[in-house]
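For reference, the structure discussed in these notes is given below.
The values are calculated or read from the model by the stated rules, or taken from the named source; none is laboratory data. Everything quoted here is computed from the prediction, not taken from an experiment. So basically every Cβ, Gly included, is an ideal-geometry build from the backbone, and we count neighbours across all protein chains shown.
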Amino acid sequence: ISLFTLLPLRLISRVWGFINSIYLPQWLRKPVIGTYSRLFNCSLEEAILEDLRLYPNLGEFFKRDLKPGLRPITEGNNVVSPADGSIIHFGKVEDEKIEQVKGVTYSLRAFLGPQTWQQVNDQIIESTQQYRKNLLRNKTDQNTSLYHCVIYLAPGDYHKFHSPVEWQMIFRRHFPGKLLSVRPSFARWFPRLFTINERVAYIGEWMHGFFSLTAVGATNVGSIKVYCDDELKTNKPHFFGKRAFYDKKFDKTVKFAKGDAFGEFNLGSTIVLVFEAPNDFDFNVNSGDKVKYGQLLSSSSKQL
């Protein structure tokens, strides 16, 4: 694994991005894109453009739009899946640890970084328990807890991601990092993978308090695009190794309705949700489940 981290995966990902952008003559599109589609079991019948000859390059095929109405958004004050993919892990955040797969954890503090988006001196948050509790809006009434959910997007999945709740976003933190594979089979052997890879965390609040959505990069996924954040540039060589992270506080609060388009990957990758919810909050999915964006992730609760 140590040797794997030394591979020039960021460069490989940039090269792959260049290949994806190469214009394909129309006669070549069907064999090239069709081969990719069959290899990764893409659902062509769901795309607005089913004719592969209409995609000028592989990149446009990766970003294909779905037919309207194909992903109904579950109504109500609940959490829905932000993307098509597989549930890797979920649950309550205990002792500031998050599981990336069963039995393999990483630090919440390392994943999100210092809480400088709040009016707080992060240096006084010494214990891991303090860090977790300080994220909560309701710090004293003990009626809420912190939860997480990890969703893996495979190369054949729909590559765009959406807002999983109605919320308002105030802050972005970009961590330049490595671009290791995030396939569950690899994540099982690589502790702290999600704190090492390049990622972009968007932080704000929803009706129950703290809410964050983090897009995690991966090998051949050097580009993460977020529609409301034109300044975001990922997998750039001049960023890597200079600073641990780059922050942006939005001049105006950015509001999202549930199901709103949020961003896209160039290939498969991972979305990590970390959020505050009532103590009786419960998930209605299992690890390994395939989900579609807009699909309910949480069971009904009298407080939701």
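Assorted remarks:
- Output for segment 163-182, where each listed residue is within 20 Å of Pro82 (Cα to Cα) and not aliphatic (A, V, I, L, M): Ser163, Pro164, Glu166, Trp167, Gln168, Phe171, Arg172, Arg173, His174
- Boolean, Phe190 is of a type in the set (A, V, I, L, M, F, W, C), at pLDDT below 85, under 23 Å from Gly288 (Cβ atoms) and surrounded by 17 or more Cβ atoms within 10 Å (Cβ to Cβ): yes
- Inter-residue pairs, beta-carbon under 8 Å, first among the hydroxyl-bearing types (Ser, Thr, Tyr) and in segment 60-76, second not in a loop (DSSP other than H, G, I, E, B), 6+ apart: Thr74/Val80; Thr74/Leu296
- Within segment 107-119, none of the residues are modelled with pLDDT under 85 and not assigned by TED's automatic domain parsing to the domain that holds Ile151.
- Residue match in segment 124-146 (condition: within 27 Å of Asn266 (Cα to Cα) and modelled with pLDDT of 90 or more): no
- Subset tally (residues that are surrounded by fewer than 18 Cβ atoms within 10 Å (Cβ to Cβ) and part of a loop (DSSP other than H, G, I, E, B)) for segment 272-290: 8
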